[in-house]
Structures are given as structure tokens and as C-alpha cells.
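Everything below concerns the one structure shown next.
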Amino acid sequence: MDKIVKITSTQLMTLLLSSQVGIGIVMLPSLIAQKAGHDGWICILVGSVFATLCLFLILKLLQRYKNKSIYEITRLLYGKFMGTVFNIAIILYLIITASVTLRLFVNFVRVTVLPNTPPLVVTVFVLLPSIYVVRYGLTSLSRINSNTYVTSALTVLFLLATRKNLHFSFLLPIGESGILPILQGSLSAFFAFLGLELVTIFYPHVSNKDKVMKFCFLANIISSLFFFVIVLFTTSLFGENLLKNLFLPVFTLAGTINAPVLERVDLYFAVIWFMAAGSSMRMFLFSGYHSICQVLRFAKSKKLLASYVIAVALLSRIPKDNNDLLKSLTLTGYLGLGTIIFLIICLLLSFIFKKGVVKQ
């Protein structure tokens, strides 16, 4: 555990919110429309309910062990050897997710503002501020990621600027897609909430644990409302047929805004979004590095951090094109879902194997 690191439950809320709001929002409406058409907003509601339920169960697991992280809990439940195996699997998930979010960030920067800049150069400039934040720990991370609130508010203002062009008839008839497509779209929506599982890493650092559940739920509610508004507006503006074929529907939406003074409003939105995307990527980058040091008992150092960041950067270059990148994004979604299911299994087993469980 990091030295002298203590955060409040409100800072934990910021961390969870920043892990969810960022990379996924620009593609989320299109991915859901491909599954459930104009009923994507229903998928967000269903996905948010499942995400909140999973968060509740994960927090119940943490409360049973008081001040322990998931890496300590697994050793108590499964023994030292198998616990370490599961911990390494979680670390691999964090590293893969960090590399995929980094690649998405780099690709979006190149598509929107720097199309002729070599990917390696963009990767270096994207990582530089993140390296600084990761090096200085959890407190710095929570402070810089507070820009997520500003980004979310400004994004909603951008969306409201398109309100006169919305056609809510595009949302009718409600439920036309059918139950199965809506459930498939709800899974894609659930993937947008991934990051909630990171609470199992940060929980021991929280000073006022009695308020953790309240503020974690609040983070999930804010994310749910944010995703709901984005999917509702993009579907009402473009319609499901066009939305399915848009690679970056939120950027396209920003491009439809005509401002009397400002030109290329989509570029202003891109700059705002870059802050949120950076926060999301940094969450997984930091979590992976922090977990390596905690599980493998490595002392934090500049050399270790440099080696870790280089490894993440190299992994981010594995997808050859956008199709491979979308497959990688789907893979991280299923890995995250698997991680959450594993955490719920840990909760169930904690009622059988009670070693380390604190009496309530």
C-alpha cells in the first residue's frame, strides 16, 4: 500500500466516475444502436441497474474484510498460491485495459486533430502527463481526475446546443427491438460502467469508509444519467440507421453545432473530451502499476515505472486497425465482466470460508 496515502469517499467517487466517463462515450451510442436500434436508451437503464447491483455486492465483499484490498482477500479465500494466481490474472486485466484505452485515446487524437502525426509521437505526448500522475500516487490522481466533473458538464452543454434539431419520434415505437436485442445492447451498456471494480483496489486507502457506499452509488448514478443523455440525444438527432454507421457519433454530433462566433465546435469538444479520456486511461494505468507493486512486492521506482509504461505502450500497438481495436475493446469488456463475476463469487465464498472476515 502507498505510504501516507489516504483519500476520502468523495475522492473515491471522483476516481470511479473518471474511470467510467471518458473513453467509452464517443463510441457507446453506435455500439448500442447496432444491437438494439433506437431502444438504446432502454439498454442504458438496464445496464445501469446491473452495474449498481454489482457495485453493491462488491462493496459488501469489501465491508466483510474491513481494510483489505482484493489482493489480500483472495489470499485469505484461496490460499497463498491460488490467491497469487488470481491476483496476477487481475493485474493482466488491468494492463490489457490500460493498453486498449491508451490506443483508443491515441487513435481519437489522430482522427480528430493530428491526422499526420506518427502514432508513436502521439503516444509519447499522451503518456507524459500520465506518467507524472502515476508516479506521485493516488492523491494526485484523484485531484487531477476531478476535471471529469467539468468535462461532463460541458459535454451536456454541447448536447443541449443541438436540442432544436432533435426528433424524438426517432425513439418510437418503444421496445420495438425486442427483449433479446435489448439485453444484448444492455451488455454493451454495462461495459461502459467498467471501472467500478477498481474500488476493490482503492478501498483500503479510504479514510471515511462509512460513506463509501453512498458516494460510490452517486458516481454510478451520475455515469448512468450521463450515458443516458448521450444515447438519447444521438439517437434523436441521427436516427438508428445513421447512428449504427457512425464511428464517432458524439464527435459527429458536436460537428452539427453552429455557433455565431466559434468555428469547428467539434474541435473544442475534442479538447474537452481529451481531459476525460486521459483520466479514464490514467485510472487503469495507475491501477496496474500500483497492483504490480502490491502483489509482487516490488518497490516503486523510476525504472519500474518506465518499464511498465513501455510495456503498456507496446501492447497498445498490437491492434492493426480499427476493427482489431474494436475487438480488443470487446475483449476488455468481457474480461471486466469476468472480473466482476469473480468478485461476486468471492463474496459468496466469504460466507463459507470465514478466515479474515470481520464480525459485523
message: Test of understanding: among Thr97, Thr101, Thr10, which residue is hydroxyl-bearing (Ser, Thr, Tyr) and over 24 Å from Phe342 (Cβ atoms)?
response: Thr10
task: Kindly list, by first and then second residue, each pair from a residue in region 290-313 that is of a type in the set (D, E, K, R) to a residue that is at pLDDT 90 or above, limited to pairs with Cβ atoms under 9 Å and residues at least 6 apart or on different chains.
output: Lys300/Tyr289; Lys300/His290; Lys300/Cys293
message: Against the definition (closer than 30 Å to Asp324 by Cβ, in contact with a helix residue (DSSP H, G or I) (Cβ under 8 Å, 6 or more places away or on another chain) and open to solvent by less than 30 Å² (accessible area, probe 1.4 Å)), how does Ser9 come out, yes or no?
response: no
- prompt: Out of (1) more than 18 Å from Ile90 (Cβ to Cβ); (2) open to solvent by 70 Å² or more (accessible area, probe 1.4 Å), what's the single condition that is false for Val358?
  reply: (2)
- line: Checked region 181-224 for anything farther than 18 Å from Thr330 by Cβ and aliphatic (A, V, I, L, M); matches are Ile182, Leu196, Leu198, Val199, Ile201, Val206, Val212, Met213, Leu218, Ala219, Ile221, Ile222
field: In region 268-283, the residues that are within 18 Å of Val133 (Cα to Cα) and open to solvent by less than 10 Å² (accessible area, probe 1.4 Å)
entry: Ala276, Ala277, Gly278, Ser279, Ser280, Met281, Met283
statement: With the first residue restricted to region 177-192 and required to be at negative phi, and the second required to be of a type in the set (D, E, K, R) and part of a helix (DSSP H, G or I), Cβ contacts under 6 Å at 6 or more apart or on different chains are Ser177/Asp39; Pro181/Lys35; Ile182/Asp39; Gln184/Lys35; Gly185/Lys35; Ser188/Lys35
query: How about region 56-82: which of its residues are farther than 24 Å from Leu12 by Cα and of a type in the set (Phe, Trp, Tyr)?
result: Tyr78, Phe81
field: Single condition Pro119 does not satisfy, out of (1) closer than 25 Å to Ala219 by Cα; (2) in contact (Cβ under 8 Å) with a residue 40 or more places away in the chain
entry: (1)
message: Can you tell me how many residues within region 147-161 are in contact (Cβ under 8 Å) with a residue 24 or more places away in the chain and within 20 Å of Thr235 (Cα to Cα)?
response: 7
task: Sort out which residues of region 152-172 are in contact with a Ser or Thr (Cβ under 7 Å, 6 or more places away or on another chain), loosely packed, with under 14 Cβ neighbours inside 10 Å and assigned to a loop (DSSP other than H, G, I, E, B), and write them in order of number.
output: His167
- request: Test Ser287 against the stated conditions and say whether it is of a type in the set (S, T, N, Q), farther than 26 Å from Val46 by Cα and open to solvent by 10 Å² or more (accessible area, probe 1.4 Å).
  value: no
- prompt: Any idea how many residues of region 319-350 are at pLDDT below 95 and farther than 16 Å from Leu94 by Cβ?
  reply: 10
Residue list for region 136-176, filter: among the basic types (Lys, Arg) and under 19 Å from Thr14 (Cα atoms): Arg143
Residue list for region 126-183, restricted to those being of a type in the set (D, E, K, R) and within 30 Å of Ala299 (Cα to Cα): Arg135, Arg143
statement: For Ile257, the lone unmet condition from (1) closer than 17 Å to Thr112 by Cβ; (2) of a type in the set (Val, Ile, Thr); (3) open to solvent by 50 Å² or more (accessible area, probe 1.4 Å) is (3)
task: Any chance you could count how many residues in region 17-75 are over 13 Å from Cys216 (Cβ atoms), touching a helix residue (DSSP H, G or I) at 6+ places or on another chain (Cβ under 7 Å) and among the charged types (D, E, K, R)?
output: 5
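The values are calculated or read from the model by the stated rules, or taken from the named source; none is laboratory data. Note that the structure is predicted; figures quoted are calculated from it, not measured. Please note: Cβ atoms are built from the backbone with ideal geometry, for glycine as well, and neighbour counts cover all protein chains shown. In case anyone asks, the SASA skips ligands and DNA or RNA and just uses the protein heavy atoms, side chains included. Shrake-Rupley method; radii C 1.70, N 1.55, O 1.52, S 1.80 Å.
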